[in-house]
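A.B. asks: Below you'll find the structure I mean.
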Amino acid sequence: MSNTPIITPDYKESTESYRQLIASTGEDLDRPGLLDTPVRAAKAFAHLTQGYHQSIEEVVNDAVFPSANRELVLVQNIEFYSLCEHHMLPFHGVAHIGYLPDGQVLGLSKFARIVDMFARRLQIQENLSEQIAHTIMDVTGCRGVAVVMDASHMCMMMRGVSKQHSTTRSTAMLGEYQHDNQARNEFLGAVPKRQPAF
Ligand SMILES: [Zn+2]
């Protein structure tokens, strides 16, 4: 069990960075509406990236239990919020996680905690799905893990091509899901249909 402490973020440095960023727009940092904005933004950013200061051991907290169930367990519609590593703009959506246990199961709330831990870092959706899948495989020693994520990306909606209704689906398949078409189809058939833009 790791006792890694949660590192207190250095708001001083990031507050100064936000001051410079806001000033670069030509804004008056002394006007009342903006007085506390740099420190508020620094704290918000620390919250959105707190996954860097968490460990799998803390998040899972020994919540792996013996079970004879070997059939599909599907945890669906886990909402998540992340920041794209290319623009640091939000992307958000839902994750659906299926796995085939092999002697032990993971506490249900831990799936959401694992999603949050990796989502609260600078990410691309494709890697986020992979990291979640590998972690569940490692923690449970299961026969297979499948992850599907549907998300809307602000860097697609607010800038660049400005597409408001496009969503992105990423998948990650490990273990038996890599070669067992029946298992894949069972999972993909059970996963909720792709959502329109969130
Ligand atoms: Zn982006």
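A.B. asks: Name every residue in segment 8-36 that is closer than 24 Å to Gly51 by Cβ and assigned to a helix (DSSP H, G or I), in order of residue number. Walk me through it before giving the result.
C.D. replies: First pass over segment 8-36, keeping only residues closer than 24 Å to Gly51 by Cβ: 8-18, 21.
Across segment 8-36, the qualifying residues are Tyr11, Lys12, Glu13, Ser14, Thr15, Glu16, Ser17, Tyr18, Leu21.
A.B. asks: Can you tell me which residue in segment 55-71 is farthest from Cys84 (Cα to Cα), limited to those that are assigned to a loop (DSSP other than H, G, I, E, B) and open to solvent by 60 Å² or more (accessible area, probe 1.4 Å)? Walk me through how you get there before you give the answer.
C.D. replies: As a first pass, look at segment 55-71 and keep what is assigned to a loop (DSSP other than H, G, I, E, B): 55, 61-63, 67-71.
Still in the running and open to solvent by 60 Å² or more (accessible area, probe 1.4 Å): 61-62, 68-71.
Details: Asn61: 28, Asp62: 31, Ala68: 39, Asn69: 37, Arg70: 36, Glu71: 34 Å.
Residue satisfying both the conditions and the ranking: Ala68.
A.B. asks: Kindly provide the set of residues from segment 148-172 that are polar (S, T, N, Q) and at pLDDT 90 or above, ordered by number.
C.D. replies: Start the filter on segment 148-172 by keeping residues that are polar (S, T, N, Q), which leaves 152, 162, 164, 166-168, 170-171.
Within segment 148-172, Ser152, Thr167, Thr168, Ser170, Thr171 meet the criteria.
A.B. asks: Filter segment 140-164 for residues that are in contact (Cβ under 8 Å) with a residue 40 or more places away in the chain and within 16 Å of the ligand (Cβ to nearest atom) and give the result.
C.D. replies: Kept after step one, since they are in contact (Cβ under 8 Å) with a residue 40 or more places away in the chain, are these residues of segment 140-164: 140, 142-155, 157-159.
Correct list: Met149, Ala151, Ser152, His153, Met154, Cys155, Met157, Met158, Arg159.
Yes/no matrix, rows are residues, columns are (1) open to solvent by 10 Å² or more (accessible area, probe 1.4 Å); (2) away from the ligand (no atom under 16 Å from the Cβ); (3) over 18 Å from Thr140 (Cβ atoms); (4) touching a Ser or Thr at 6+ places or on another chain (Cβ under 9 Å):
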site: Asn77; (1), (2), (3), (4): yes, yes, yes, no
site: Tyr81; (1), (2), (3), (4): yes, no, yes, no
site: Met88; (1), (2), (3), (4): yes, no, yes, no
site: Phe91; (1), (2), (3), (4): no, no, yes, yes
site: His96; (1), (2), (3), (4): no, yes, no, no
site: Leu106; (1), (2), (3), (4): no, yes, no, yes
site: Ala112; (1), (2), (3), (4): yes, yes, no, no
site: Ala119; (1), (2), (3), (4): no, no, yes, yes
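The values are calculated or read from the model by the stated rules, or taken from the named source; none is laboratory data. No experiment lies behind these values; they were computed from the predicted model shown. Note: ideal-geometry Cβ built from the backbone for every residue, glycine included; neighbour counts use all protein chains shown. Surface areas here come from the heavy atoms of the whole protein model, side chains and all, with no ligands, DNA or RNA. Shrake-Rupley method; radii C 1.70, N 1.55, O 1.52, S 1.80 Å.
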